């Protein structure tokens with residue numbers, strides 16, 4: 001399979017992983033496992049989840065990935081590959097729409113009886129390339145003018161941002177198999193991109209490797225074409241072009257770059273076969289560790 005770069009035919013949209021995340025967690029049992037992992041709970045009945053995602057309704061140009069009710073908690077889950085400090089504002093808009101949907105008849109708003117509302121929880125799963133912390137809380141009141149008493153603000157919304165790249169939030173990953181495998185798959189695609197593969201070939205090779213090693217195996221088998229289309233259609237071409245320029249520049253400074261690339265790809269395959277998937281993301285980031293692994297597996 002050729003790994004010649006092809007940057008001419010890919011459409012632009014930098015949220016290329018968002019829809020794949022939604023596909024991975026489309027089953028209630030997997031969504032419940034994710035909820036339990038985040039909240040340290042042990043619910044075991046997927047039917048306790050009531051999906052209330054606003055499908056095919058775009059509010060101010062934004063569409064949420066998944067929202068659901070469980071035990072009077074209204075959960076909004078978003079996946080983002082681009083970090084934004086405006087997530088609390090987006091969350092406020094989303095929750096306004098969700099509560100409108102829950103309340104239904106607007107006449108209830110004028111009733112003498114209080115409308116009881118489910119407790120809101122906004123979780124953002126960050127899988128971009130910036131070195132963000134494992135967990136951070138963004139608040140809407142940070143956007144208000146300085147000097148104002150933010151504690152008395154009439155509106156507040158908090159977004160809990162979790163870094164779900166490999167190596168982060170290991171406790172959550174261990175409790176949620178699908179989240180860990182999703183992170184592994186994305187990391188595998190990235191590694192092939194970082195080693196000169198076109199986006200198309202990176203997806204194909206990473207998909208083959210992950211299926212072989214039981215990573216998102218059923219989803220990738222059943223939805224291979226759809227997954228490929230998701231990433232290709234929504235991949236940010238301009239970011240990829242700039243990234244390839246950086247990679248080419250770095251490679252140009254290094255003698256024997258072709259041989260080095262082949263060794264790294266062999267190492268990736270060995271790590272996958274050995275079940276050491278968590279080490280893959282470190283291969284291109286830590287040269288010392290990469291060399292240690294090559295010596296360990298006798299790759300030359």
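Got a sec? Which of 201, 169, 223 is on the phi > 0 side of the Ramachandran plot and at pLDDT 90 or above?
Details: 201 fails: on the phi > 0 side of the Ramachandran plot; 223 fails: on the phi > 0 side of the Ramachandran plot.
After applying the criteria, what remains is 169.
Taking segment 110-126 as the region of interest, how many residues are closer than 26 Å to residue 136 by Cα and either free of Cβ contacts under 8 Å to residues at least 40 places away in the same chain or outside the structural domain of residue 95 (by TED's automatic domain parsing) (or both)?
So the answer is 0.
Checking residue 136 against (1) surrounded by 14 or more Cβ atoms within 10 Å (Cβ to Cβ); (2) farther than 24 Å from residue 66 by Cβ; (3) more than 14 Å from the chain's Cα centre (by Cα), only one condition comes out false. Which one?
With (1) surrounded by 14 or more Cβ atoms within 10 Å (Cβ to Cβ); (2) farther than 24 Å from residue 66 by Cβ; (3) more than 14 Å from the chain's Cα centre (by Cα) applied to residue 136, the lone miss is (2).
Given (1) farther than 28 Å from residue 185 by Cα; (2) surrounded by 16 or more Cβ atoms within 10 Å (Cβ to Cβ); (3) at pLDDT 90 or above; (4) out of contact with any helix residue (DSSP H, G or I) (no Cβ under 8 Å at 6 or more places or on another chain), identify the lone condition not met by residue 116.
(2)
Does residue 219 satisfy the condition of being in contact with a helix residue (DSSP H, G or I) (Cβ under 7 Å, 6 or more places away or on another chain) and not assigned by TED's automatic domain parsing to the domain that holds residue 270?
In short, no.
Considering segment 283-300 alone, what residues qualify as being part of a helix (DSSP H, G or I) and at pLDDT 75 or above?
287, 288, 289, 290, 291, 292, 293, 294, 295, 296, listed by residue number.
Any idea how many residues of segment 60-109 are closer than 30 Å to residue 129 by Cα and in contact (Cβ under 8 Å) with a residue 12 or more places away in the chain?
28
Does segment 48-63 contain any residue that is more than 23 Å from residue 19 (Cβ to Cβ) and either at pLDDT 95 or above or more than 22 Å from the chain's Cα centre (by Cα) (or both)?
So far as segment 48-63 goes, yes, one or more of its residues are more than 23 Å from residue 19 (Cβ to Cβ) and either at pLDDT 95 or above or more than 22 Å from the chain's Cα centre (by Cα) (or both).
Kindly provide the set of residues from segment 17-50 that are outside any loop (DSSP other than H, G, I, E, B) and touching a strand residue (DSSP E or B) at 6+ places or on another chain (Cβ under 7 Å), ordered by number.
Once the filter is applied, which keeps residues that are outside any loop (DSSP other than H, G, I, E, B) and touching a strand residue (DSSP E or B) at 6+ places or on another chain (Cβ under 7 Å), segment 17-50 yields 18, 21, 22, 31, 35, 38, 48, 50.
The values are calculated or read from the model by the stated rules, or taken from the named source; none is laboratory data. What you are looking at is a predicted structure, and each value in this text was computed from that prediction instead of being measured. Backbone-built Cβ (ideal geometry, glycine too); neighbour counts: all protein chains shown.
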